[in-house]
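Notes to accompany the following structure.
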Amino acid sequence: MKRLLKFFAAATCFAMLLAMVTGCGSKQTAGNTKVRLCEVTHSIFYAPQYAAINLGYFKDEGIDLELSNGEGSDKVMSAVLSNSVDVGLAGPEASIYVYNEGKADNTQIFALVTQRDGSFLMGRQPDPNFTWDKIRNKVVLPGRKGGVPYMTLEYVIRKNGIDPEKDTTLDNSIQFALMAGAFTSGTGDYVTLFEPTASMLEAQGKGYILASVGKESGEICYTGYTAKKSYIEKNPDVIEKMTKALYRGQLWVSSHSPEEIAKVVAPSFPDSDVKLLTTVAQRYKDIEAWSPTPVLKPASFSLLQEVMTQAGELKQNVPYDKVVNTTYADKVVKEVK
């Protein structure tokens, strides 16, 4: 797709800079294997990962994580494809785009982290009686066109009987990382934001959470660990250990309270207090945002492709087994109790 090539080109500078900083390939450091992981954004939406980091599960498995923030699935994918990082935490849609481009060494999702959209629709005033019909003839800041947050929002809008192209304006001119600032500066009537940003704005009285996009959309493969096929084939032990550490984090999050989750992930969010993080954890628990296992299910993958097709971003469906590799997820789920 020409659009895919364009956004990869736009992300090239980021990938080259990351390569200069990190070098290429996994390396051994003090008995552990160094893995460069680039996340799509820094959010408590990925609590199982931060729990696994802060509870020492990755180190238990001999993994020394070097974490970076890509600020967008396109940039994460560009970094993975250029070998600037080893693994990306990003939306599976990026791997679908890459496969459809015909790249021989395409990427595969080997562990699912989240199973619902983690964004919340925010307005300028509290509205306990909010209905989606209220976005008619309004301007919504939805993120990057072609990204899962944008497409899932469109899907939810359509489910509520609204045409996202005719009945409302989706202003995708604002970069993902700048949407909160643009909204608080007066741009748009509504905005979709992830946590803890959404709750921080609400605590400051600068915006109010009106609806959960994930609750409306249903279960969909949303973000997961992705790597090139060649990397997975050359580093099966690393992939298995990463998946095992993540799964331990998922089990821990599933069995603990929002208060306990907040305390454990707090070191990863030094600018957010534990009370705020508790509120955020409760919201994500309520909508079952976190996948209970790293296994990406075919039905969830099918819904993603349906969402992409409705958005006009997918012309040809991709076979599940071409971009999803559950070998390691299936194994650790059987072994870890």
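Read the figures in this text as sums done on the coordinates, not as results from a lab. Bear in mind that the values here come from a model prediction, so they are computed numbers and not experimental data. When we count neighbours, we look across all protein chains shown, and the Cβ atoms used for this are built from the backbone with ideal geometry, even at glycine.
Please label the shape of region 227-337 as rounded, prolate or oblate, based on the square roots a ≥ b ≥ c of the eigenvalues of the alpha-carbon gyration tensor (a/c under 1.5 means rounded; beyond that, a/b larger than b/c means prolate, else oblate). Cα axes put region 227-337 in the oblate bin. The charge dipole of region 156-210, taken about its Cα centre with unit charges on the Cβ of Lys, Arg, Asp and Glu (plus for the first two, minus for the last two), comes to roughly 60 debye. If you line up the long axis of helix 12-22 against the longest principal axis of the chain, both from Cα atoms, how many degrees apart are they, to the nearest 10? Its long axis makes an angle of about 40 degrees.
If the segment from T187 to N137 were pulled out straight at 0.36 nm per residue, it would be longer than the present Cα-Cα gap by 16.5 nm. Take each peptide in 127-138, 36-47, 108-119, count the other Cβ atoms within 10 Å of every residue, and average; sorted highest first, the result is 108-119, 36-47, 127-138.
Segment N129..A177, full-extension length gain: 14.4 nm, with 0.36 nm per residue of separation and the alpha-carbon distance subtracted. Listed options for percent of Cα pairs over 36 Å apart are (i) 14; (ii) 29; (iii) 20. The value calculated from this structure is the one marked (i).
Rounded if a/c is under 1.5, else prolate if a/b is larger than b/c, else oblate: which is region 244-290, with a ≥ b ≥ c the root eigenvalues of its Cα gyration tensor? Because a/c hits 1.5 or more and a/b fails to exceed b/c, region 244-290 counts as oblate. Assigning unit charges at the beta carbon (Lys, Arg +1; Asp, Glu -1) and nothing else, what dipole magnitude in debye, to the nearest 20, does region 209-337 show about its Cα centre? Using only the charged Cβ atoms, the result is roughly 360 debye.
Helix 148-159 and the long axis of the chain differ in direction by around 40°, with both axes built from C-alpha atoms.
For V274 and K337 in one chain, what is 0.36 nm times their gap in residues minus the Cα-Cα distance, to one decimal in nm? Could the numbers behind the result be given before it?
Working: separation 63, 0.36 × 63 = 22.68 nm, distance 2.88 nm.
Gain on extension, V274 to K337, equals 19.8 nm.
In this label model, D321 and D60 are separated by 3.3 nm, measuring between points 7 Å along each Cα→Cβ vector. Every helix of 4 or more DSSP H residues in the chain counts as -39500 (n - 2.57), and over all residues that averages to -12500 deg cm²/dmol at 222 nm. Think of the chain as having a plus end and a minus end, set by charges on the Cβ of Lys, Arg, Asp and Glu; of G143, P292, V191, G143 sits farthest toward the positive end of this dipole.
With point charges of +1 on the Cβ of Lys and Arg and -1 on the Cβ of Asp and Glu, referenced to the Cα centre of region 38-126, which listed residue (G91, L81, S119) lies farthest in the positive direction of the dipole? The residue sitting farthest along the positive end of the dipole is S119.
Work out the length of the dipole vector of the chain about its Cα centre, built from +1 on the beta-carbon of each Lys and Arg and -1 on the beta-carbon of each Asp and Glu, and round it to the nearest 20 debye.
Roughly 420 debye for the chain.
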